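K.L.:
Just passing along the structure, written as C-alpha cells.
The values are calculated or read from the model by the stated rules, or taken from the named source; none is laboratory data. For clarity, every value in this text was computed on a predicted model and none was experimentally measured. Using ideal geometry, Cβ is built from the backbone for each residue, glycine included, and neighbour counts are taken over all protein chains shown. We work out accessible area using only protein heavy atoms, side chains counted, and drop any ligands, DNA or RNA first. Shrake-Rupley method; radii C 1.70, N 1.55, O 1.52, S 1.80 Å.
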Amino acid sequence: MRASPFLAVLAFALLTLLVFSDRGVAVSGPLLSPGDSWTYRTNTSIGGAFYLVGDVTLRTKGSERVSVDGTTYDAVRFTLSGAGTANGTVATQLGPVRASGSWVLSGNEVLESAGLKVISSVLDLEASGTLHAEPVAIPFQLSVQNTTTFRIVEDPWRFPLGIGNSSVVASRMNFSEDFRFFYGLQTPPSHTQGSLWWNVTYALETQVAVDTPAGHFDSYRFREAAPDGTYSLLYYAPATGNDARTEAYNGTAKVATSELTSYRYQALEPARFFGLAGTDWAIAGIAAAVVGGGVVLFWLRIRRQSTPPDRRPSEPRN
C-alpha cells in the first residue's frame, strides 16, 4: 500500500534536492560540513489544480552512523524547513472549490554517504486557509505526517560517477503516514502504512548550463526513475555542492520544480583563521600597516615638538 498521493508528490520533489558534487572529470560526493545550506523557490502541483508555492531550506546537520532494519550506514543528516502559500482548486463533498491559504513544512532526511541515496525521511506538512464556497467561505486545515525508511539491499550506484553511467538500486521501503483534511467539523486523521520493494534507476545524463535566482551555474543532469513511473531531473551545480534546479514528473506531466535562490557551501569557501578568510587577513594587514605607519609618524611629530632646542652658551661680542 502506498503513501497518500498528496504528500508523495511533495516528498518526491523534496528528496530530489539532495544530490551530487563534481571533482575533475568524474562526479564525486560533496564535501559536506555542518552548517552548509541551500534555499529553493518551490512550486508543487497537487492533482494538477492545487499549488504549493514557497521557499524550502535544507541544512546539513552532520555525519553519523544510522541503522535501518538492522543495516548500518555511514550517513549525513539534513534538516528541512519551509513555508509558503497554497492556492487552487480542491475536491470536496460540495464539489470542486477554490481554496487559498498558507503552509509550513518541517522535517529531516538522512542520506547514506556512498551514493547520497535517501535511507530515512520524516516530513510534517501543515496547511490552513479558506474554501471559497458559496454562499459562505469555510475554513480548512490540512496536516500530513510521513515517515519513510529505505533499507538498501543492492547498491551499484556509488561515487565516483561518469556521464553515461546508469544503475538500478534495490531497496525495501517502509512507510507510515497520518493524513487529515477537514473543513467545518474536525475529523480524525486517516492512517496508512506499508512495506514494499522499491527499485530506482539512476543515470548521469549530460552537462548543461542552468540559470537560477542564485546565479548561472554549470551543472550535471541526473535522472532518477521510480518503479511507479514518476521520475525527476536533477541539475547539480558543483559550485554549490547541491542542485541548482530540480524537476519532478508524474510520468506524463511536470508536477514540481525548485530553483536555488541562495546557498552556503563551505568546502569552496576561502580557508578561515580565527574567523577571518585570507582576503580578510590581507585587508586587516594593510589596515594595520596604514594605522601603524600613522602612529609612527604621529609619535615622531610629537617627539620633535617636545624636544627642547639645542641651547648653546652665547658667545661674547667683541
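K.L.:
Label residue 207 and residue 72 with points 7 Å out from Cα along Cα→Cβ: what is the distance between them in nm?
P.N.:
4.0 nm
K.L.:
Between residue 216 and residue 196, what is the label-to-label distance in nm when each label sits 7 Å out along the Cα-to-Cβ direction?
P.N.:
About 4.4 nm separates the two model spin labels.
K.L.:
Something else: Got a sec? Charge dipole of the stretch 43-151, +1 on Cβ for Lys and Arg, -1 for Asp and Glu; which of 128, 56, 101 is way out at the positive end?
P.N.:
About the Cα centre, the residue reaching furthest to the positive side is 56.
K.L.:
Out of every Cα-Cα pair in the stretch 119-233, what percent are more than 25 Å apart? Don't jump to the answer; show the numbers that get you there.
P.N.:
Numbers: 3277 of 6555 pairs.
Every Cα pair in the stretch 119-233 considered, those over 25 Å come to 50 percent.
K.L.:
Amide H neighbours of residue 50 under 5 Å, counting only residues 5+ apart in sequence or on other chains, H built in-plane at 1.01 Å?
P.N.:
Answer set, sorted by chain and number: 89.
K.L.:
Give me the 1.4 Å probe accessible area per residue for the stretch 226-270, excluding ligands and nucleic acids, in Å². Display every interim value, and only then the final one.
P.N.:
Details: 1730 Å² over 45 residues.
On a per-residue basis, the stretch 226-270 sits at 38 Å².
K.L.:
Sticking with this one: So what is the accessible area of the stretch 72-207 per residue, in Å², with the probe set to 1.4 Å?
P.N.:
Value for the stretch 72-207: 46 Å² per residue.
K.L.:
What's the FRET efficiency of residue 53 with residue 252 using the Cβ-Cβ distance as r and R₀ = 25 Å, to the nearest 0.05? Display every interim value, and only then the final one.
P.N.:
Working: r = 22 Å, r/R0 = 0.87.
Computed FRET efficiency for residue 53 and residue 252 comes out at 0.70.
K.L.:
A follow-up question, please. Any chance you could tell me what percent of the C-alpha pair distances in the stretch 208-275 go past 15 Å? Kindly include the intermediate steps, with their values, before the conclusion.
P.N.:
Details: 1303 of 2278 pairs.
Cα-Cα pairs in the stretch 208-275 separated by more than 15 Å: 57 percent.
K.L.:
Another question, if that's okay. Please state the shape class of the stretch 105-173: rounded when a/c is under 1.5, otherwise prolate if a/b exceeds b/c and oblate if not, all from the C-alpha gyration tensor. Display every interim value, and only then the final one.
P.N.:
Numbers: a/c = 3.86, a/b = 2.91, b/c = 1.33.
Verdict is prolate for the stretch 105-173.
K.L.:
Quick one: pull the percent of accessible area on the stretch 135-202 belonging to carbon and sulfur, 1.4 Å probe, ligands and nucleic acids left out.
P.N.:
On the way: 2020 of 3620 Å².
So the carbon and sulfur contribution to the accessible surface is 56 percent.
K.L.:
Further, regarding this structure: Given an 8 Å cut-off on Cα distances and at least 6 residues of separation, report the relative contact order of the stretch 75-230 as a percent.
P.N.:
Numbers: 365 pairs, mean separation 22.8, N = 156.
Reported as a whole number, the value is 15 percent.
K.L.:
Rounded to two decimal places and with Rh computed the Kirkwood way over Cα pairs, what is Rg over Rh for the stretch 50-155? Spell out each step's value before the answer.
P.N.:
On the way: Rg = 18.3 Å, Rh = 15.9 Å.
Computed over Cα atoms, the ratio is 1.15.
K.L.:
How high is the FRET efficiency from residue 269 to residue 153, r the C-beta distance, R0 35 Å, rounded to 0.05? Don't jump to the answer; show the numbers that get you there.
P.N.:
Values: r = 38 Å, r/R0 = 1.08.
Plugging the Cβ-Cβ distance into 1/(1 + (r/R0)^6) gives 0.40.
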